[in-house]
1. Out of all the residues in the range 155-194, which are among the polar types (S, T, N, Q), closer than 22 Å to Met271 by Cβ and in a helix (DSSP H, G or I)?
2. Output yes when any residue across the range 288-295 is surrounded by fewer than 16 Cβ atoms within 10 Å (Cβ to Cβ) and among the β-branched types (Val, Ile, Thr), and no when none is.
3. For the range 87-104, what are the residues that are touching a strand residue (DSSP E or B) at 6+ places or on another chain (Cβ under 7 Å), under 18 Å from Glu56 (Cα atoms) and of a type in the set (Val, Ile, Thr)?
4. Can you confirm whether Ile145 is assigned to a loop (DSSP other than H, G, I, E, B) and within 26 Å of the chain's Cα centre (by Cα)?
5. Collect the residues in the range 236-276 that are out of contact with any Ser or Thr (no Cβ under 8 Å at 6 or more places or on another chain) and of a type in the set (Lys, Arg), keeping them in residue-number order.
6. In the range 142-177, which residues are closer than 25 Å to Gly120 by Cα and surrounded by fewer than 17 Cβ atoms within 10 Å (Cβ to Cβ)?
7. Out of everything in the range 78-108 that is modelled with pLDDT of 95 or more, of a type in the set (A, V, I, L, M, F, W, C) and within 15 Å of Gly42 (Cα to Cα), what residue ends up being surrounded by the fewest Cβ atoms within 10 Å (Cβ to Cβ)?
8. Could you name every one of the helices (runs of 4 or more DSSP H) located completely within the range 205-310 that has at least 1 residues being more than 30 Å from Leu23 (Cβ to Cβ), in contact with a helix residue (DSSP H, G or I) (Cβ under 8 Å, 6 or more places away or on another chain) and among the small types (Gly, Ala, Ser)?
Amino acid sequence: PSASCVFGLDAGATQTRLCARSLAGDPDLKVVGNAANVFRLGELQTAEILSSLINEALEKRPEVDLLAIHAGVAGASAPSTQIALANHIRSLINGDDSLQISISHDGVIAIEGAFGGEGGLLFIAGTGSGVMARTQQNHTQIDHIGGWGYLIGDEGSGYSIGRRGMAAVGHAFDGGPATTITDLVRDHLNIHDRYSLLKSITSPDWKFQHVAPLVLQASADADAVACAIVHNETTLLARQAEWLLKKHPNLNPRFTITGGLSNHEYYVASMCSAMRRIWPAAEHTLPTGTPLEGAVQIAMRLITCSDARQ
């Protein structure tokens, strides 16, 4: 006999992950695939990546009765994009009309996972950055500010911190303030003078976000230049939260931080300090779940809502 299940997908800039959740309580199946960002790949190629993972999971669990799919996809904030992705996926996996498929921006599943369906304020601090708020329980419409990308935004992100760290190294080479970031990029990245710095940052494979852990390491060791970088960047990210709080003054007074930088103690401490200055009543809490778990929970709600309508 077939077992009913739902699929949740977390499609980000690094990889795409799928979790198959059985309604009978069987162990989850997890599958990992390529990154999927609508802005970079377009709707069809993104849908192909997601559909490939879905089909792979169905091949591994051929006996399941798939009831619903929810995918949080980087760059998929426009309703037209969400509809197009859902339609492409339905076609690519040969899904019938009874299969519930929904798409959201990946921030929706991040805040769903972080707060377990409740409200609060969420910082996303990875390669890029953004701030999100949800004001009511189980409400998939979130308010999102920031996230403008590395060209004009992404304050407090790994990219921005790494870029400023490399600028500080360049300044030190020019005779500016000394910083231990210089020693760290020499040891870890083989950057030891003006020419190796310029060669590295102009390489097609260069990623400023890979320098951010070195800046945070120097900050934790009380390097003044690195501390100033992290302080300034987290202050700018917290300022975005201040703008969001003006729109939602009655928001549940708690915030959490997700993304790669949330694993760095000094960064989290700096964000908490910045938030105390603008929202003293708020408590910093750890996420209750992952974005992938958030996607699964939204998929579960799809079938609950469908049952309620019947």
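The values are calculated or read from the model by the stated rules, or taken from the named source; none is laboratory data. Everything numeric here is computed off the predicted structure, so don't read it as measured data. FYI the Cβ positions are ideal-geometry reconstructions off the backbone, even for glycines, and counts take in every protein chain you see.
1. Matches in the range 155-194: Ser160 only.
2. Within the range 288-295, the first condition is being surrounded by fewer than 16 Cβ atoms within 10 Å (Cβ to Cβ), and the residues that meet it are 288.
Then keep just the ones that are among the β-branched types (Val, Ile, Thr); that gives 288.
Checked the range 288-295: at least one residue is surrounded by fewer than 16 Cβ atoms within 10 Å (Cβ to Cβ) and among the β-branched types (Val, Ile, Thr).
3. Ile89, Ile101
4. Working: assigned to a loop (DSSP other than H, G, I, E, B): no; within 26 Å of the chain's Cα centre (by Cα): yes.
No; evaluated as a whole, the condition is false for this residue.
5. Scanning the range 236-276 gives Arg239, Lys246, Lys247, Arg276.
6. If the condition is that a residue be closer than 25 Å to Gly120 by Cα and surrounded by fewer than 17 Cβ atoms within 10 Å (Cβ to Cβ), then Asp143, Ile145, Trp148, Gly149 are the ones that fit.
7. So, considering only residues that are modelled with pLDDT of 95 or more, of a type in the set (A, V, I, L, M, F, W, C) and within 15 Å of Gly42 (Cα to Cα), the one surrounded by the fewest Cβ atoms within 10 Å (Cβ to Cβ) is Ile83.
8. Working: elements: 212-220, 224-247, 265-278, 291-309.
Counting at least 1 such residues, we get 212-220, 224-247, 265-278.
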